[in-house]
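The values are calculated or read from the model by the stated rules, or taken from the named source; none is laboratory data. From a predicted model like this one, the values you see are computed outputs, not experimental measurements. Glycine also receives a Cβ, built like all others from the backbone with ideal geometry; neighbour counts cover every protein chain displayed. SASA here: full protein model, heavy atoms, side chains in, ligands and nucleic acids out. Shrake-Rupley method; radii C 1.70, N 1.55, O 1.52, S 1.80 Å.
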Amino acid sequence: MKFFHIADTHLGAIPDAGFAWSEERRSEIWESFRSVVAKADREEVDLLLIAGDLFHRQPLMRELKEVNYLFSTLKKTKVVFIIGNHDYLKVDSYYLDFPWSENVTCLRGKECESVVFEDLDTEVYGLSYHTREIKEPKYNDLQPEKKAGFSILLGHGGDAKHIPIDRKKLLLSGFDYIALGHIHRPEMIEPDRMAYAGALEPIDQNDIGPHGFIEGEYNEGKLSISFVPWACREYIPLELDTKECPTNLAFQETVRMRMAAKGMQHIYKVLLQGYRDPDIVYDLDACRKLGNIVSVQDESVPDYDFERLMRVHAGDIAGRYIQTLYHKDMSDTERKALYYGIHALLEMRG
Ligand SMILES: [Mn+2]
């Protein structure tokens, strides 16, 4: 028995609104979903499991029809999904009486229910969100009824407001595989037993690193799962030290080279740290134009020559400030405090 476990597709999300690549990201989210369904079909996977937040918000009728069309193209694969907190089952939700293709099961009850696939000797459990939040830990004490040889729990949550999960307790339950969604970073919690698939595509700039889904195979009583990278691109933190960037143009060149090495399709978060030449000003706006850069943070601190400053400012407040705090072997914290203080004082003077 082969399955794909995907989660948090967030169809309809528009990441990085206002940025040049935003609209493209909106279509990539749909495209990744389309292509993973096509892959399941091509590889004749038995089950496509979707662990919640198929949509980013309440789905439109035409969106459900598009998703259902994709599902209906599956020749062998059966789809089981639950509804998460983002697209939760509101009283007027189009989910409520949507006529899904016959190979699709939505486990939409408030309490856990299950579907049995006799031909696969597999049972899938799950529940859906009917409210934006569920603070009750609904999964911790669940036990499968073992109506089939292989039992899967499809779960969504894991933080305080979205079905808190006690991982140890859940592992003691009798489920053979616990397929989780909601947390966007993929995580193998317990090898071949419990995992977050992570968002299929990163949805916002906090979703750093690779994204994709989990494929699993259950054979002769043994399960093995692995992560499959699938997303069109990644958010990548680009951390630079001022040592690599002695001037502004050097900074721009370093950013350009580092992005080219990793791939220009990715979206970067630039962070500059360290002590800088006080004469140098980094042009953050110019940096933003070098590629898909969603944020630029300059945490560099001017590397003042305190002995010289003390002479120049002898008698004024900056001079007295340095005199009070400066000594030859300052700790890192003392040095930082002095740098920030003197920076503020010098800025004040204009
Ligand atoms: Mn969620």
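Structure above, values below:
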{"item": "Qualifying residue in region 21-41 (condition: assigned to a loop (DSSP other than H, G, I, E, B) and away from the ligand (no atom under 16 Å from the Cβ))", "result": "yes"}
{"item": "Hits in region 324-347 - residues which are of a type in the set (A, V, I, L, M, F, W, C) and in contact with a helix residue (DSSP H, G or I) (Cβ under 9 Å, 6 or more places away or on another chain)", "result": "LEU325, MET330, ALA337, LEU338, ILE342, LEU345, LEU346"}
{"item": "Per-region count, region 3-50, residues under 18 Å from the mean Cα position of the chain (by Cα), open to solvent by 10 Å² or more (accessible area, probe 1.4 Å) and among the aromatic types (Phe, Trp, Tyr)", "result": "2"}
{"item": "Tabulated pairs, region 81-102, first acidic (Asp, Glu) and open to solvent by less than 80 Å² (accessible area, probe 1.4 Å), second part of a strand (DSSP E or B) and within 13 Å of the ligand (Cβ to nearest atom), C-beta under 7 angstrom, 6+ apart or interchain", "result": "ASP87/PHE55"}
{"item": "Strands (runs of 3 or more DSSP E) wholly inside region 115-198 that include at least 2 residues being open to solvent by less than 10 Å² (accessible area, probe 1.4 Å) and at negative phi", "result": "122-126, 150-156, 177-181, 194-196"}
{"item": "Region 314-333 residues that are over 22 Å from GLY274 (Cα atoms), paired with ones that are among the basic types (Lys, Arg) (beta carbon under 8 Å, 6 or more apart)", "result": "ALA318/ARG349"}
{"item": "Tabulated pairs, region 161-172, first within 16 Å of the ligand (Cβ to nearest atom), second in a strand (DSSP E or B), C-beta under 6 angstrom, 6+ apart or interchain", "result": "ILE163/ILE134"}
{"item": "Filter result (closer than 30 Å to LEU200 by Cβ and open to solvent by 10 Å² or more (accessible area, probe 1.4 Å)) within region 235-255", "result": "ILE236, PRO237, GLU239"}
{"item": "Options LEU89, LEU64, LEU74: the member that is farther than 30 Å from GLY149 by Cβ, in a loop (DSSP other than H, G, I, E, B) and assigned by TED's automatic domain parsing to the domain that holds LEU200", "result": "LEU89"}
